[in-house]
Amino acid sequence: MKNIFSYVALICILTAVLMISSCTESPPSPLPPSEAPPTTTSQEPETEPAPPPPPAPTFEKRRVEETDPSFKFDEGWRKDKDERASGGSWAMTFRGYGGIAVPTVDIKFKGTGISLVHVTAPFCGITDIKIDGKDYPSIDSYAANPQNKITSIATDLTYDDHILTISPSGGSNPAADVTSAGPEPPPTPIIYVDAVEIIVPK
């Protein structure tokens, strides 16, 4: 009888050992290694480098002589040939010349700016300036000695069609002397229009 109890006790011990051993084994993988999903790592999306900025536009000055069809003189102007002029000639006027109270010239141009090529002299007066009907600073054409000059009128216009209007104001610098124009001086100071320089894109 004692042997039977010993045998039963041994079987119980072995069973307990087997149960403990089965609990410590690693659990089986839910998927075979060949079927396990690949591991992924999160990556920042690659960004394209910003394109370089477009090159800044470049401009140039284009000279247009007073003989060009874009100059529309009324009858109160006189055109003279002179080797000192930009293109070999220029136009002059003063208030009342040719029976015109205020002689004017309209100059059509397309650009972002414009300058006036004109004569300065002791007998020259003040030139009134308008662009598209808007008043711009007048130009004082007085100088102690006669010379050609380029005076900037506007540099910040939109690149579009414009009209420059030029006329004599009738006034002059206090130092001007109309009598120095010759033996028959005009009643009011003279102004000259020789050419214009237009700022245009290259």
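The values are calculated or read from the model by the stated rules, or taken from the named source; none is laboratory data. Since this is a predicted model, take the numbers as computed values, not measurements. Positions of Cβ are generated from backbone atoms using ideal geometry, with glycine treated the same way; all protein chains shown enter the neighbour counts.
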>> Testing Ser115 on (1) in contact with a strand residue (DSSP E or B) (Cβ under 7 Å, 6 or more places away or on another chain); (2) free of Cβ contacts under 8 Å to residues at least 12 places away in the same chain, one condition comes back false. Which one is that?
In response: (2)
>> Let me spell it out: the conditions are (1) surrounded by 15 or more Cβ atoms within 10 Å (Cβ to Cβ); (2) at pLDDT below 95, and Gly98 meets all of them except one. Which number is the exception?
In response: (1)
> Given (1) of a type outside the set (Ser, Thr, Tyr); (2) over 26 Å from Lys81 (Cβ atoms); (3) not in a strand (DSSP E or B), where does His162 come up short, assuming only one miss?
Replying inline: (3)
> Are any residues in the stretch 178-200 in contact with a Phe, Trp or Tyr (Cβ under 6 Å, 6 or more places away or on another chain) and either farther than 19 Å from Ser70 by Cα or of a type outside the set (Ser, Thr, Tyr) (or both), and if so, which ones?
Replying inline: Val178, Ser180, Ala181, Pro186, Thr188, Ile190, Asp194, Ile198, Ile199
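Please state which one of Pro174, Pro146, Pro186 is more than 30 Å from Lys110 (Cβ to Cβ), touching a strand residue (DSSP E or B) at 6+ places or on another chain (Cβ under 7 Å) and not small (Gly, Ala, Ser). Walk me through it before giving the result.
Numbers: Pro174 fails: touching a strand residue (DSSP E or B) at 6+ places or on another chain (Cβ under 7 Å); Pro186 fails: touching a strand residue (DSSP E or B) at 6+ places or on another chain (Cβ under 7 Å).
Exactly one residue qualifies, and that residue is Pro146.
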> Does Ser152 satisfy the criteria of being among the small types (Gly, Ala, Ser), buried (at least 16 other Cβ atoms within 10 Å of the Cβ) and in contact (Cβ under 8 Å) with a residue 12 or more places away in the chain?
Replying inline: no
